[in-house]
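The values are calculated or read from the model by the stated rules, or taken from the named source; none is laboratory data. All values derive from a computational prediction rather than experimental measurement. Heads up, the Cβs are rebuilt from the backbone with ideal geometry, glycines too, and the neighbour counts pull from every protein chain shown. For accessibility, only protein heavy atoms count, side chains too; no ligands or nucleic acids. Shrake-Rupley method; radii C 1.70, N 1.55, O 1.52, S 1.80 Å.
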Amino acid sequence: MKKTVLFTLLILIRPLTGFSVDPDFWPKEIPAEKGGIITLYQPTLEELKGNILTGRSAVSYKKSAKEEPTFGVIWFTATLETDKDNRMASLQQFKITNSKFATDATPEQLASLSKTIETEVLKWDIDISLDQVLTSLESNKNLNDPYLKNDPPEIIYMNKPATLVTIDGDPIIKMDDKMGMERVVNTSFLIAKVDGRFYTYASGLWYESKDPLSGQEYVKSIPSKLEPVHKQIQESEKQNNDGKTLERPEVPPEVIVRTKPAELLQTDGEAQYAAVEGTSLLYVTNTLDDIFKDVGTQRTFVLLSGRWFSATSLKGPWTYVPANELPADFAKIPAGSEKDGVLVSVAGTAEAEEAKTEAQIPQTAKVDRSTAKVDVQFDGTPKFTPIDNTSLKVAENSSVTVIQTADGRYFACDNGIWYVSNVATGPYSVSNERPSDLEKIPPDNPAYNTKYVYIYDSTPQYVYVGYTPGYMGTYVYGPTVVYGTGYYYRPWYGVYYYPRPVTYGFGMSYNPWTGWSMSFGMSFNTGWYGYGGVHVGIHFGGYWGGCGYYRPPYRGWGYNGGYYGPRGGPNRINSPNINVNRPVNINTGDININRNHTNNVYNKVDGARSRDINRTPDRGTSGGKPSTSRPKPSTGQTPRPAAPVASDKANNIYAGRDGNVYQRDNNGNVQQRDNNQWKPANNPSQSRSNIDRSQQQRDRGQTRDMNFNQQHPSRSTPTPSARPAGGSRPAGGARPAGGGRRR
């Protein structure tokens, strides 16, 4: 019988006071009238479309303690509000869209049942684990990106310490007034020009050369003009390393400069191989890169930005290999092993399917129309060019992504929020709609990632928005996810330099908690790592246009595996020269994977809040910086309790798609509820398969959640600091207020 009841259900509830996965967490109980009990069993999630989650759950109802329970199934929809930094979310605005109970359940009983659930559950607080969500979803209708580019970049192999310095095209040398000297602006590294010589800061050391493209030689001393900059760099490095001074390489790495897409593979000496248990694969042990050799074909495989490339040797030449054409043994790499991180890039694995599901889950926020602002700057007169196959035009010379629509309006996308104006230069206000034809933007256009920024709902005061990982460069390509579109986007060169998103050059590697992280800037024989753009306040060179001041977090030194198995934690690479036996933390500590929760770009926006669980203005925000701390900010009301657990009932009841209720008895047999009695299932083989799959999904969710908790025990988010100053600098004069970054 169909019922439509708006209520906050206790599906997937977890207590505020604890985040560990409790095997006795399910089922949940609700007291009913006259001593009756309503029991809700662990739900099955079916689909996530936008921020709307659908699923079903088995339910039982006992009129009194002595009576037999009546079983049924309810179907529901809910709004998902997420905090992906903490891997947590809230479920809102639940609706029961359908229900099916035994024939002896009258309409009056169903109405009373729904009313009781609505009344009781509204008293409870609701939190969910994103890892449990993504492993539970039955359908995986991801939007595929079939037109991405997969041509291999230049792949450079070195068996000694080296650092790849990437410059976005020919070097552009301009005066940086804050530094008081010229520098190369179109790079993430600091390359300063002093008295006709170039000084490059890489791997914690300074290099001198006549030309920024070649001839870099390590120098122990630098010109006095560079000393203030060097001091700032050291202070910034220490601050970003929990007050500890970073070690410097004992042997200065060789500096390799490239102006086109390139990747650097490094081994600590000649490549050393070890067998992958249970397969015919070997992997290179003395590297942080994902390098394999297939014994059967004697071919070498490397994983770069989620794409596989193959060659007869480490020297190439390299060709692209689709994820579903890898040797079959790649799918047999054991979860929990040193190289299980690559399973996400192997077609058909559970890890790959979960990553595709993850690509559907948005980071959401509630945006205050009166507080959230964007400052759009143009380098000269606004210049727009048509976007192929659409009615849209995109600005070439703007500090953020600005799209002009056919009706003459202008939409700016900045930090996951759409703004609109009737004038290109603004002022802009928070928009409650997206540009038309946005979904048609092809991946060879630099505005492509903005199609993954969504608007879900709005009120006169707030707009409810979200972005999926596509905004940050995670795309579903066939059976797996990849990083970047593979296209090279021409940046804007004028008085200012506005970079565009890139695919290669930063050693991008996927992990199930923060998505893509980078290992660029690392060198062997030391724990030192560094990113040129974060060491000094005067330089925030960036390649992650379209995402504000976001940049991917660090992959981490030695953090290379053990993501998916029950072991979890960091890998201990079998090389005496690589320092990996240090504590690893997702948020703080020696390995800077997600310092200050920079993965959530809404943390940088005044008036945006990611963890506001109510859509009533009087219980929302009043502007200012968001706070995603746990426990949730006080609303002035008494905290709601968590849902009670039915400790005397087993969590062995399942809701089938067909509306039938199933259980597995103590002997492992599958039974079906029929005429208020347990009987052998009509199709035991199929039913057992469905139950096994549901249980495996639950187990994987628990394992992922526990592995995340091992690395992130507090699961708390500090209030974000102010947006950093920086960006590309003009050639003479102050930089524009919007900064020299394309967003």
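Computed quantities for the displayed model
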{"read-out": "Top-ranked residue in the range 432-484 [being within 11 Å of A359 (Cβ to Cβ) and of a type in the set (V, I, T); ranked as modelled with the lowest pLDDT]", "value": "T468"}
{"read-out": "Subset of the range 83-141 (residues that are farther than 20 Å from T44 by Cβ, under 30 Å from the mean Cα position of the chain (by Cα), charged (D, E, K, R) and modelled with pLDDT of 70 or more)", "value": "D83, K84, D85, R87"}
{"read-out": "Residues located in the range 144-157, provided they are open to solvent by 30 Å² or more (accessible area, probe 1.4 Å) and closer than 24 Å to P317 by Cβ", "value": "K149, D151, P152, E154, Y157"}
{"read-out": "Residue count for the range 408-436, restricted to those that are in contact (Cβ under 8 Å) with a residue 40 or more places away in the chain, in a loop (DSSP other than H, G, I, E, B) and over 19 Å from Y448 (Cα atoms)", "value": "4"}
{"read-out": "Restricting the range 590-607 to residues that are at pLDDT 50 or above and part of a loop (DSSP other than H, G, I, E, B), the residue that is most open to solvent (accessible area, probe 1.4 Å)", "value": "D606"}
{"read-out": "Residue that is most open to solvent (accessible area, probe 1.4 Å) [pool: residues in the range 420-437 that are of a type in the set (A, V, I, L, M) and within 21 Å of A365 (Cβ to Cβ)]", "value": "V420"}
{"read-out": "Residue in the range 490-497 that is closer than 22 Å to D145 by Cβ and either open to solvent by 10 Å² or more (accessible area, probe 1.4 Å) or touching a Lys or Arg at 6+ places or on another chain (Cβ under 8 Å) (or both) present", "value": "yes"}
{"read-out": "Listing of strands (runs of 3 or more DSSP E) fully contained in the range 165-280 that carry 2 or more residues being open to solvent by less than 50 Å² (accessible area, probe 1.4 Å) and charged (D, E, K, R)", "value": "173-176"}
{"read-out": "Failed criterion for W544 (all others in (1) modelled with pLDDT of 85 or more; (2) under 21 Å from I417 (Cβ atoms) hold)", "value": "(1)"}
{"read-out": "Qualifying residue in the range 379-392 (condition: closer than 22 Å to L80 by Cβ, in contact with an Asp or Glu (Cβ under 9 Å, 6 or more places away or on another chain) and buried (at least 18 other Cβ atoms within 10 Å of the Cβ))", "value": "no"}
{"read-out": "Cβ-Cβ under 8 Å pairs, at least 6 apart or on other chains, the range 665-687 side open to solvent by 70 Å² or more (accessible area, probe 1.4 Å), far side of a type in the set (V, I, T)", "value": "N675/T103; P680/V670"}
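Conditions (1) open to solvent by less than 20 Å² (accessible area, probe 1.4 Å); (2) assigned to a strand (DSSP E or B); (3) closer than 23 Å to F94 by Cα; (4) at pLDDT below 75, marked per residue:
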site: K3; (1), (2), (3), (4): no, no, yes, yes
site: D22; (1), (2), (3), (4): no, no, no, yes
site: F25; (1), (2), (3), (4): no, no, yes, yes
site: A58; (1), (2), (3), (4): yes, yes, yes, no
site: E67; (1), (2), (3), (4): no, no, no, no
site: F76; (1), (2), (3), (4): yes, yes, yes, no
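Residue-by-condition table, conditions (1) open to solvent by 30 Å² or more (accessible area, probe 1.4 Å); (2) hydroxyl-bearing (S, T, Y); (3) farther than 15 Å from D368 by Cα; (4) not in a loop (DSSP other than H, G, I, E, B):
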position	(1), (2), (3), (4)
A406	yes, no, yes, no
E439	yes, no, yes, yes
N445	no, no, yes, no
T450	no, yes, yes, yes
D457	yes, no, no, yes
P460	yes, no, no, no
